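> Just passing along the structure, written as structure tokens.
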Amino acid sequence: MRLGSIVATALVVAGCATYGGRSVFAGGSTEAEVRATMGAPALTFDEGGGAKRLVYPRGPLGLETYMADIAPDGRVVSMRNVLKDDTFYGVHAGMTKDEILRLIGPPGDRMAYPLSHTHSWDYRYMDTWGYRAIFSVTFNEQDVVVSKFTQRIERERGPR
């Protein structure tokens, strides 16, 4: 019985090791290997000339969204988690919903604000300092970014 538990635990750990695509390498892996490791992508974007971007959100409560850029020959150009402060710094007013999807993928949560005729997309992630946080981007009725903000949802508790 104990051996069975050890084997089951090892299989779970091995499965988790590739869940984020850690076994996929730029220049050395193929699109087929990405799909075998990560599964079917949530979104696929045509990047022109036969290149494509595969999107793998690990939500809705996950803290990562992986993007695999695939060259026309089927080789992986890059594989990275895009839910990072550095990525969010590039979001600015005037961007379209499609540009946001291409940059950071689908949101973990959506909310409508009928009185202001806006709606937001929220992304949970681990910020630069290791805190759980939410990045929120707000769109107008034309699906154009009007604002963004980041808020930590986990904070150290100090003396009161």
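The values are calculated or read from the model by the stated rules, or taken from the named source; none is laboratory data. The structure presented is a predicted model; accordingly, all values stated were derived computationally and were not measured. Please note: Cβ atoms are built from the backbone with ideal geometry, for glycine as well, and neighbour counts cover all protein chains shown. When the accessible area is computed, the model is the full protein with side chains, heavy atoms only, and any ligands, DNA or RNA have been set aside. Shrake-Rupley method; radii C 1.70, N 1.55, O 1.52, S 1.80 Å.
> Those residues that are modelled with pLDDT of 55 or more and more than 20 Å from residue 63 (Cα to Cα), I need them from the range 2-34; list them, please.
25, 26, 27, 28, 29, 30, 31, 32, 33
> Just to be sure I understand, how many residues within the range 75-116 are free of Cβ contacts under 8 Å to residues at least 60 places away in the same chain, over 19 Å from residue 142 (Cβ atoms) and among the aromatic types (Phe, Trp, Tyr)?
1
> A further question on this structure: For the range 118-143: of the residues being within 20 Å of residue 96 (Cα to Cα) and touching a helix residue (DSSP H, G or I) at 6+ places or on another chain (Cβ under 8 Å), which is most open to solvent (accessible area, probe 1.4 Å)?
The qualifying residue most open to solvent (accessible area, probe 1.4 Å) is 143.
> If you check 113, 89, which single one turns out to be out of contact with any strand residue (DSSP E or B) (no Cβ under 7 Å at 6 or more places or on another chain) and exposed (fewer than 15 other Cβ atoms within 10 Å of the Cβ)? Steps first, please.
Numbers: 113 fails: out of contact with any strand residue (DSSP E or B) (no Cβ under 7 Å at 6 or more places or on another chain).
Only one candidate passes the filter, namely 89.
> Looking at the range 92-110 only, could you name the residues that are surrounded by 13 or more Cβ atoms within 10 Å (Cβ to Cβ) and out of contact with any Pro (no Cβ under 6 Å at 6 or more places or on another chain)?
Within the range 92-110, 95, 96, 97, 99, 100, 101, 102, 103, 104, 107, 109 qualify.
> Is at least one residue of the range 50-67 under 22 Å from residue 99 (Cβ atoms), exposed (fewer than 10 other Cβ atoms within 10 Å of the Cβ), out of contact with any strand residue (DSSP E or B) (no Cβ under 8 Å at 6 or more places or on another chain) and modelled with pLDDT of 95 or more?
no
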